[in-house]
Every structure is written in structure tokens, then in C-alpha cells.
Amino acid sequence: MAFPEPKPRGPELPQKRLKTLDCGQGAVRAVRFNVDGNYCLTCGSDKTLKLWNPLRGTLLRTYSGHGYEVLDAAGSYDNSSLCSGGGDKAVVLWDVASGQVVRKFRGHAGKVNTVQFNEEATVILSGSIDSTIRCWDCRSRRPEPVQKLDEAKDGVSSVKVSDHEVLAGSVDGRVRRYDLRMGQLFSDYVGSPITCTCFSRDGQCILVSSLDSTLRLLDKDTGELLGEYTGHKNQEYKLDCCLSERDTHVVSCSEDGKVIFWDLVEGALVLALPVGSGVVQSLAYHPTEPCLLTAMGSSVQCWREETYEAEGGTG
């Protein structure tokens, strides 16, 4: 008789602390993976942006040019450029290799909370406390944005970009999705100020976190509420949330020093990862592997699954 096939192993969660990076840039406001997950960016309250190899714990370059704390950053798909935004109201385009400022875009009337490249890295989208999203042409010498989206009634806390969509979360309690192909705007009312929004990896769903200590999973096309996730604390800070690399788990920072994982389908809280005693300010999830970066205070922690073995033994 044939033996039954072994059940495929369930997804492993990153719960083993592999490295701690002492970033040396004041409070780390945000941590972000690059497109392939080999490098990460840290945004500092000391006005710097730093590029790291997080698994090795090595600092590769420091980028200086902001006039105030850096609040968000992103890398281009080809790893040649970075963009960042900060408390100086500026959006900066950087050359990765030289560390030089290529362009500095000014026009926002308040601090820039969030920045993203489009897929081709020809446009930077920035969301600000001034309630607007501005689109900046990286190749143009014109100082003004090529487009301004000003539907939000309060600060824009989160912007994400797909190949033809812009997803935006605002303190006004609405998540807005701009379909650039159709020229349409879709809006869903959550009610509580939104701190973070993101697409699921399969592009079918939208995850929204808000200041009522609740995450909501919405069907992207219909706006239907597919799931609610509670058990973390988010009442005053702009905290990150995301989905795991295979869309199996919902992941969120928490103001009580933990990162919380929920089963996406069942909604059950499956892991409360203790990071430290402060607020987990930011997180980033690797695009293809169970690897998590967390930011607390002046350091970043790199987490892997329990079975992970670092190359060349434990480092």
C-alpha cells in the first residue's frame, strides 16, 4: 500500500532574533527592505538614511542631506536609486552608489510621512501631513509635481503603489485607491485614523491599520470586510502593518513592545513576539522569506525562523 504524502509544512514565522543593528542615528523612524530583500534602509531622527546588509549586520553607506528627521524611504526596482521623505517637508532622490543627492523636491506644506517609487522608478509618490499626495518626475528638471492628489481631508499617513494603482490611508479615516488605468477613485470608510495600508501579495486584498487598535482586511474590488484582527495596541503612533511573504499571516507593530502575528483566514492571534520595552516603531517583511526587521528606539532587530542557520555558522 502507498503511504500518504507527508503534509506540506506550514509557514514558519520569524521568531529567532538573529542580529541587532545599533544604527547610531538617533531614533529609527522606519526600516525598509529593498526590492529583493538583500539590503535594508533605516531612517533616523538625526537626519540620516543608512543602507545595511541586515543578515550580516554591516553598514554599507550613510546618506546625509535632509534638514530634519527622515520618516520614510524606499529603493528602486534596479537598486540604483533611493527616495526618502522627512520632517523638512522635502522629498529626496538619491544615487545609491555615490551617496549623492540627485534631486530635492519641495512643495509639501508639512512633513512627508511616506514615499514610494512607481514600478519603473521614474516617479516618486509622497504623502504628507498636508493632506496631499504628490507625484514627482525623477527625470524632469521641473520643480513642481506632475500630479497632486488632494482628496484626503486630513494628513496622508500611508501610500503604496502597484503597477496601476495608488493606495492611500489618511488620518481622515478613509482608505482611497486610485485606479490609474480606469481613472477612477475608490474610497472605503474605516472611521478611525489610518496609520498604515498595504496590498496583499496576490493583489486581491487591502490591509488597513488604524488607531482603534484594529487591523482590517478588505476585498480590494468590493470593499467587503474579510477579517478583523485585534490584540495589539495602537492608539497614538503611526505603526506599520503588513502580510507575511505568502499572505498566510497578518503582522503588526504594537505600542507595548511586541510584534503580533495573526492567522489571516482564521483571525486568531498566533504569536506575540517580544521585541523590547518600548514602542515597536516600524517593521519590514522580506519579500520571499520568513525574515522580519523591527525598529525600536535606536536599533533594528533582524528575525528569522527557528530552523534558520546562518551561513558559516551562527554569526
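Tell me which residues, restricted to region 268-305, are over 22 Å from L41 (Cα atoms), in a loop (DSSP other than H, G, I, E, B) and modelled with pLDDT of 95 or more.
Of everything in region 268-305, just one residue is over 22 Å from L41 (Cα atoms), in a loop (DSSP other than H, G, I, E, B) and modelled with pLDDT of 95 or more, namely A268.
Would you check if V115 is buried (at least 21 other Cβ atoms within 10 Å of the Cβ) and either in contact with an Asp or Glu (Cβ under 8 Å, 6 or more places away or on another chain) or free of Cβ contacts under 8 Å to residues at least 40 places away in the same chain (or both)?
Working: buried (at least 21 other Cβ atoms within 10 Å of the Cβ): yes; either in contact with an Asp or Glu (Cβ under 8 Å, 6 or more places away or on another chain) or free of Cβ contacts under 8 Å to residues at least 40 places away in the same chain (or both): yes.
Criteria met by V115.
So, in region 32-52, of the ones that are under 14 Å from the mean Cα position of the chain (by Cα) and of a type in the set (V, I, T), which residue ends up least open to solvent (accessible area, probe 1.4 Å)?
Applying the filter and picking the extreme gives T42.
Determine which single condition S187 fails, assuming it passes every other condition in (1) crowded, with 17+ Cβ neighbours inside 10 Å; (2) at pLDDT 95 or above.
(1)
Just a yes or no: is a residue in region 226-235 crowded, with 22+ Cβ neighbours inside 10 Å and closer than 17 Å to Q116 by Cβ?
no
Given the conditions (1) surrounded by fewer than 21 Cβ atoms within 10 Å (Cβ to Cβ); (2) on the phi < 0 side of the Ramachandran plot, report the number of the one that G267 does not fulfil.
Only one criterion in (1) surrounded by fewer than 21 Cβ atoms within 10 Å (Cβ to Cβ); (2) on the phi < 0 side of the Ramachandran plot is unmet by G267, namely (2).
Scan region 98-112 for residues that are open to solvent by 70 Å² or more (accessible area, probe 1.4 Å), in contact with a Phe, Trp or Tyr (Cβ under 9 Å, 6 or more places away or on another chain) and in a strand (DSSP E or B) and jot them down.
Of everything in region 98-112, just one residue is open to solvent by 70 Å² or more (accessible area, probe 1.4 Å), in contact with a Phe, Trp or Tyr (Cβ under 9 Å, 6 or more places away or on another chain) and in a strand (DSSP E or B), namely V102.
What is the residue count in region 270-295 for residues that are of a type in the set (V, I, T) and surrounded by fewer than 17 Cβ atoms within 10 Å (Cβ to Cβ)?
2
Name, by its number, the condition in (1) without any contact (Cβ under 8 Å) to a residue 24 or more places away in the chain; (2) of a type outside the set (D, E); (3) surrounded by 14 or more Cβ atoms within 10 Å (Cβ to Cβ) that does not hold for R181.
It is condition (3) that R181 fails.
If you check D240, D221, which single one turns out to be among the acidic types (D, E) and at pLDDT below 95?
On inspection, the qualifying residue turns out to be D221.
Checking the structure you have, find out if any residue of region 49-60 is polar (S, T, N, Q) and in contact (Cβ under 8 Å) with a residue 24 or more places away in the chain. Let's see the steps before the verdict.
Step one: list which residues in region 49-60 are polar (S, T, N, Q), which gives 53, 58.
Still in the list and also in contact (Cβ under 8 Å) with a residue 24 or more places away in the chain: none.
Within region 49-60, not a single residue is polar (S, T, N, Q) and in contact (Cβ under 8 Å) with a residue 24 or more places away in the chain.
Filter region 202-237 down to residues that are among the basic types (K, R) and more than 14 Å from G257 (Cα to Cα), then give me how many there are.
2
Working only within region 53-76, note down all residues that are among the aliphatic types (A, V, I, L, M) and more than 18 Å from the chain's Cα centre (by Cα).
L55, L59, L60
For a quick check of your reading: which strands (runs of 3 or more DSSP E) sit entirely within region 113-230 and have at least 3 residues that are over 16 Å from the mean Cα position of the chain (by Cα)?
Counting at least 3 such residues, we get 133-137, 147-149, 174-179, 184-189, 214-219, 225-229.
Which of the residues belonging to region 14-31 are surrounded by 15 or more Cβ atoms within 10 Å (Cβ to Cβ), polar (S, T, N, Q) and either within 18 Å of R61 (Cα to Cα) or free of Cβ contacts under 8 Å to residues at least 24 places away in the same chain (or both)?
Selection gives Q25 alone.
Kindly indicate whether any position in region 77-94 is under 16 Å from the mean Cα position of the chain (by Cα), over 26 Å from V279 (Cβ atoms), of a type in the set (D, E, K, R) and surrounded by fewer than 23 Cβ atoms within 10 Å (Cβ to Cβ).
For region 77-94, residues under 16 Å from the mean Cα position of the chain (by Cα), over 26 Å from V279 (Cβ atoms), of a type in the set (D, E, K, R) and surrounded by fewer than 23 Cβ atoms within 10 Å (Cβ to Cβ): absent.
What is the number of the single condition among (1) in contact with a Pro (Cβ under 7 Å, 6 or more places away or on another chain); (2) under 28 Å from G227 (Cα atoms); (3) open to solvent by less than 30 Å² (accessible area, probe 1.4 Å) that I194 does not meet?
Going through the list (1) in contact with a Pro (Cβ under 7 Å, 6 or more places away or on another chain); (2) under 28 Å from G227 (Cα atoms); (3) open to solvent by less than 30 Å² (accessible area, probe 1.4 Å), I194 breaks only (1).
The values are calculated or read from the model by the stated rules, or taken from the named source; none is laboratory data. What you see is a predicted model, and the numbers here were worked out from it, not measured in a lab. No Cβ is skipped: glycine too gets one built from the backbone with ideal geometry, and neighbour counts run over all protein chains shown. These accessible areas exclude ligands, DNA and RNA; they are computed on the full protein's heavy atoms, side chains included. Shrake-Rupley method; radii C 1.70, N 1.55, O 1.52, S 1.80 Å.
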